[in-house]
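Please treat every number below as a calculation from the coordinates, not as lab data. None of these values were measured; they are calculated from a predicted model. Cβ coordinates were reconstructed from backbone atoms using ideal geometry, including for glycine residues, and neighbour counts include every protein chain displayed.
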Amino acid sequence: MSEGSDLQSAIEKLDHGGWNRDNTVQRSTFARIAATNALITEEILEISLGCLPHEEVARRAVDIEARALTAWQDLPEFLRIDVNDPWSSRRSPLELLFLMYIRLASLDHHFLLQRTLSKKVKAGSVNSLLSVCNEIFRIVVMMVDNRDYFRDFQIDFVQILCTHGIPAASILAIELLRQDQSSQSAMTELFPLNRSDTIQSLSVFAACLGTIRPDSNGYQSCDRAKKFVKRVLDVILGPGPAAQGSAVEDSADPTLCTPLFEQGNDEDFMHWLDGVHWDQETWINFT
């Protein structure tokens, strides 16, 4: 709303893209990116919730994914966090939280598009979906490992667990179980999950979900996901097929649409994941 010299002075503090030159992550910075992301998210929802022909869904998905990638690459360097060493930026907890949100929101576009392609046209790339899930989960687990850094933002922390961590962890857990039950030749065609690292990360994540208090807004989602991940780990690390079958029967939980672990029946949990009534309204729910 400024005019004259005040307006000119404000413009001079911005770069050619309209971003501040101080490399600071402010609430207005985050709000601007959130507005851009909302437009992309709306387009994804249109093709995932709509009744478009398969060819149109596939065509629009390719276009949306390309623009989502461009939107991330066009961000200035100080807004594109180095997830391999986020602490080197020496950001405040609030700024770092904003940067985590920005990166996860960008990755979520690709996650939702791959899930849409898989469900709508049966054409999604398993490797692409697993790759983006692996990257999302790596960021979430890194935040879990450094939870004390975000101790003043527990509502945001739980929201990240629910919105980003649970879907990614669930898909990786199912794939880990599938690869564990597949022959070596079949596994070579799949996204190469590191078995040891994935099991350790899932264990850390499940333990974190177990610390969410019943009065927290995302408790029910965290509790259900914790049970699911622990059951997958029990099957993978169990003593043998006979004992695994018995353990699964004993731990039957109707909230998870059991039985989950019969061969060829691993989609049951994904139906629950798609149809679950999340405690915090999110657009991961397609159905």
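Annotations
- Neighbour-count order for 163, 211, fewest beta carbons within 10 angstrom listed first: 211, 163
- Förster radius 25 Å - calculated FRET efficiency between residue 38 and residue 213, Cβ distance, rounded to 0.05: 0.25
- Residue order, fewest to most surrounding Cβ atoms within 10 angstrom, among 110, 54, 164: 54, 110, 164
- Karplus 3J(HN,Hα) series, Hz, for the stretch 73-81 with 6.51 cos²θ - 1.76 cosθ + 1.60 (x for Gly, Pro): 5, 7, 5, x, 4, 6, 9, 9, 5
- Stretch gain in nm, segment residue 223-residue 6, where the contour uses 0.36 nm per residue and the Cα spacing is subtracted: 72.8 nm
- The modelled label-to-label distance between residue 21 and residue 125, using points 7 Å beyond Cα along the C-beta direction, is 4.0 nm.
- Karplus-derived HN-Hα couplings along the stretch 107-114 (A = 6.51, B = -1.76, C = 1.60, θ = phi - 60°), whole Hz, x at Gly and Pro: 5, 5, 4, 5, 4, 5, 5, 5
- Low-density loop cleavage sites - trypsin sites (Lys or Arg not before Pro) in the stretch 97-148, where at most 11 other Cβ are within 10 Å (DSSP): 122
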